[in-house]
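The structure appears below as structure tokens.
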């Protein structure tokens, strides 16, 4: 019985919350239950379209629960959240980009806000640090996958305009716990919470610190070549973000006006600021004359920061750069076989952004470059048995062995017919013959279970069970001699195995006079 159903304020991809672990969907016939496969409390659900959905929650026995479906909830599967705490809300802007929020204990005896994000539909989740103690109760994102807001305890509101790369605290003007948030666009939003609080904004909850080119996170790097200006007195840094995959080589150079000393510094992923002179860098372009440059091969995948820095002088600069990708290698994949739709993990080197995957020449439409050495892909429709290839700007890596595309075994069927009856009955002392056929014939040699029950008052009780061997043609036969008069019924069934599903017939009734 569904005790309660309440909706959280939601925009596209925002979540609705419920207090039951069964899923409730709506269709032409009203509401009906979907099997979640868990007894954990589920607190929020999000569907960016009619087929892709996620539900989150957790209890002490099953913390950090995330369930996902790709067929409108007909089947739900668990995803690894990487956290052991309860998750309170989920939002997806499309079928791949999503966020969940909650909390986790810290070493000071309090809780820290948790924000997890995925860019591959939940196959991999990673932390996005909010930098705050407390608990987050709700999250919402616009369809652009960039603008999002999260709310929680004590009037906490965080906002992002870059998909969660940076979360910035906003002043709510309230100390009450906030439980839900929704935005109709990047400007107009509402949050609600304890004690009847309703908060509204018409400017996206401003002020929010925008991306700036004078420090990390900087701005996205323009196409090469690009120009700008710096000044050692007033604006010494222009910082640009550039994504590199381990193994890629960045070659960058700079020119500046006569008498100036403009340098290029490259900082590794995870660097917080370029303003501290003690911050380590991984490459530098400096020298006595222009042009000056560097060549650097990335040792890890992530966002690097290219800083144009004026050591001395004011004026314009020109930066040129290029990124060379290594030729990929595909060393292994698992599993080695499976039907269309199988989730396959590819292992190798030189996997870079922009890579594509093909199974025997058929392009995979669903895949994710998890790292420079790992790609996850789904076997596409139309794929046949053959080698797997990974294509990148640096070339093509092909597997040494073939992936075998299998055809799922057909679901088994079993029939049952009773003979020896006259007008549905036999005389005590006579036998009733159970006959039937089983498909597919690959089940030959295995057994059909025959179950006989006798009516006792208002109940049916077990009278006999037996096993009949399936012949090479798929037929079976068994004779049964009842010991007493009365009403009987019989059914045939096949047990579930790793190779096939279970199958059973309806009950067939007869009487013994």
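The values are calculated or read from the model by the stated rules, or taken from the named source; none is laboratory data. This is a predicted model, so every value here is computed, not measured. So basically every Cβ, Gly included, is an ideal-geometry build from the backbone, and we count neighbours across all protein chains shown.
Observations
- Selected residue (only one of 223, 186, 195 is out of contact with any strand residue (DSSP E or B) (no Cβ under 9 Å at 6 or more places or on another chain), within 30 Å of residue 260 (Cα to Cα) and free of Cβ contacts under 8 Å to residues at least 60 places away in the same chain): 223
- Being surrounded by 19 or more Cβ atoms within 10 Å (Cβ to Cβ), closer than 30 Å to residue 313 by Cβ and over 28 Å from the mean Cα position of the chain (by Cα) holds for only one residue in 215, 238, 261, and it is 238.
- Screening 74, 38 for residues that are on the phi < 0 side of the Ramachandran plot and modelled with pLDDT of 90 or more leaves exactly one candidate, 74.
- One residue from 401, 392 being surrounded by 15 or more Cβ atoms within 10 Å (Cβ to Cβ), over 19 Å from residue 500 (Cβ atoms) and assigned by TED's automatic domain parsing to the domain that holds residue 341: 392
- Residue identified as in a strand (DSSP E or B) and within 21 Å of residue 127 (Cα to Cα) among 230, 192, 151: 151
- Of all residues in region 33-48, those being within 18 Å of the chain's Cα centre (by Cα) and part of a loop (DSSP other than H, G, I, E, B) number 5.
- Per-region count, region 305-340, residues touching a residue at least 60 places away in the same chain (Cβ under 8 Å) and not in a strand (DSSP E or B): 8
- Residue satisfying all of: in region 341-360; over 19 Å from the mean Cα position of the chain (by Cα) and not in a strand (DSSP E or B); nearest to residue 405 (Cα to Cα) among these: 360
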